[in-house]
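Notes to accompany the following structure.
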Amino acid sequence: MEPVLVKNFTLPELEAWVESIGERRFRARQLFRNIYARKVRSWGECTDLSKLFRVQLENGTRLDALRLMEKREASDGTLKYLFGLQDGHTVESVLIPDAPRHTLCISSQVGCAFACKFCLTGTLGFKRNLHTAEIVDQVCQVQIDLGIGTRITNLVFMGMGEPLANYDAVIRAISVMTNPNGLAFSHRRITLSTAGLVPGMARLGQDSPVNLAVSLHASDDALRSRIMPINRKYPLESLMQACRRYPVAPRKRITFEYILLDGINDSPEQARSLVKLIRGIRSKVNLIPFNPHPDSEYRRPPDERILAFQEVLQKAQITAIIRQSRGREIGAACGQLAAGYGEDDED
Ligand code: SAH
C-alpha cells in the first residue's frame, strides 16, 4: 500500500485518520506538534508516542514530501532552494533575509497556466498543482536547513504558480501553517499573491483571509489584457470590485504589485491612471523594476523613469515602494523561477 503522506492532512483530517487506525483522537495533536513544532526527522524521535504507534507510523506513512536537491546563496544573502517531487518534477522556494524578518517565498504549482508575458514561469506552461504536503514541506525543510538560530517569520505565496488556481491545496496548507499546533504562523504574516482570479479572491476572503497582494501591472484593460491574458476573463472593473470587497485585516493593506516595463507601462500618465484606479482602496503599491530573463522582450526602465513614476503616486498620497528584487544573479528574483525546466521541456 502507498504510504500515507501525513503533511497532506489538516489537523481535523489527521484526527480522523488516527481514529481510523485505532488510535485516540488527541494523538493527532501530538503528531502535529512533533512534525511542525519539533520538526522531527523520523518517528523514532517521537518519544511521547507508544512504541506500537511509532512502528505503525514507520510502516504506513511518509514524513517528507520534498527532497532538497540544491541550495544556492546570492551575495545579498538570498537563498534559493530547489526541491525534487516524488514524480520527478521540481519546484523552488526563495528565502529573503531582511532583518528582523526572514520571508520565505513559496511555490503553489509546477509551472503556471496563466502565461503573463513578462514572467519566466508563465512562459514555460503548466505541469501540475502541488499537493498540500508539497506546499507545507517547503516551509518545514527550509526551516530545518536554517537551524534554530534563524526563524522564518513571514510566508508569501509569490513563487511559481497561481495559488488561487490550486485553491483547495493552498487553503489546506494555510490551515496547517496557521494552526497553533502546526506551523503556528499568524494569518497576518502570510501573504497570497494573485494574478487576479476574481472568484478565488472572494472565496479566500471568506475561508481564510490572509494578506492579499494583487499583480496589477497595468491600469487599463487593453494593456493589461495584452501582458496578462487572465485580464480578458476578469477585467479591471471586476478585479477592483473584488479588492474593495476583500476583508483586509486591521492595520493591513492590499499590496498592488506593479512591474515597471520600459516604454510599456511606465509613463507618468499611466501612473496617474493607476492613482485613479486604486483610489479609495486601503492599499500600497510595490513597484518592481522588471527582472530580465533569457529571451524576454522587455527591459527595465532607466532609474529616472522609475523615480518619476513613484513620485506621481507619492504626490497622490499613495505609499509606493520600489522593490529592488533580491537574488537576481542566482535567478531567485520575482519572475525568474523556472525550477528544473530546460532539461525536460519537450514533454
Ligand atoms: N501568480 C501569482 C503569484 C506569482 S507572484 C501572481 O501573479 O501574483 C510573482 C510576482 O512576481 C508577481 O507579481 C509577478 O507578476 C511578478 N513578476 C513576474 N515576472 C517578473 C519579472 N520578470 N520581473 C519582476 N517581477 C515579475
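The values are calculated or read from the model by the stated rules, or taken from the named source; none is laboratory data. Not measured: the values here are computed from a predicted model. A quick note on method: Cβ atoms are made from the backbone with ideal geometry, for glycine too, and the neighbour counts reach across all protein chains shown. Remember, those area values only see protein heavy atoms, side chains included, never the ligands or the DNA or RNA. Shrake-Rupley method; radii C 1.70, N 1.55, O 1.52, S 1.80 Å.
What number of residues in the range 211-225 are out of contact with any strand residue (DSSP E or B) (no Cβ under 7 Å at 6 or more places or on another chain) and touching a residue at least 24 places away in the same chain (Cβ under 8 Å)? Qualifying residue count, the range 211-225: 4. Scanning the range 277-293 for residues being in contact (Cβ under 8 Å) with a residue 24 or more places away in the chain, part of a loop (DSSP other than H, G, I, E, B) and more than 17 Å from Gln317 (Cβ to Cβ) gives a total of 3. When Gln56, Gln143 are checked against the criterion of being assigned to a helix (DSSP H, G or I), open to solvent by 60 Å² or more (accessible area, probe 1.4 Å) and either in contact (Cβ under 8 Å) with a residue 12 or more places away in the chain or within 16 Å of the ligand (Cβ to nearest atom) (or both), Gln56 stands alone in meeting it.
A single entry from Leu261, Leu236 fulfils the requirement of being out of contact with any helix residue (DSSP H, G or I) (no Cβ under 6 Å at 6 or more places or on another chain), at pLDDT 95 or above, aliphatic (A, V, I, L, M) and open to solvent by less than 50 Å² (accessible area, probe 1.4 Å): Leu261. Note on the range 120-137: among residues that are assigned to a helix (DSSP H, G or I) and out of contact with any helix residue (DSSP H, G or I) (no Cβ under 9 Å at 6 or more places or on another chain), the one that is surrounded by the most Cβ atoms within 10 Å (Cβ to Cβ) is Thr121.
Restricting Ile254, Ile278 to residues that are away from the ligand (no atom under 14 Å from the Cβ), closer than 16 Å to Ala242 by Cα, open to solvent by less than 20 Å² (accessible area, probe 1.4 Å) and in contact with a helix residue (DSSP H, G or I) (Cβ under 9 Å, 6 or more places away or on another chain) narrows the list to Ile278. Of the numbered criteria (1) modelled with pLDDT of 75 or more; (2) within 11 Å of the ligand (Cβ to nearest atom); (3) closer than 19 Å to Thr194 by Cα, the one Arg300 fails is (3).
Give Val198, Val170 a once-over and let me know the one that is open to solvent by less than 10 Å² (accessible area, probe 1.4 Å), assigned by TED's automatic domain parsing to the domain that holds Arg232 and closer than 18 Å to Val214 by Cβ. Going through Val198, Val170 in turn, just one is open to solvent by less than 10 Å² (accessible area, probe 1.4 Å), assigned by TED's automatic domain parsing to the domain that holds Arg232 and closer than 18 Å to Val214 by Cβ: Val170. For Ala113, the conditions (1) closer than 20 Å to Gly88 by Cα; (2) more than 13 Å from the ligand (Cβ to nearest atom); (3) aliphatic (A, V, I, L, M); (4) not in a helix (DSSP H, G or I) are fulfilled apart from (2). I'd like the full set of residues that are open to solvent by 10 Å² or more (accessible area, probe 1.4 Å) and touching a strand residue (DSSP E or B) at 6+ places or on another chain (Cβ under 6 Å), limited to the range 151-165. Hits for the range 151-165 are Thr153, Asn154, Val156, Met158, Gly159, Gly161, Leu164.
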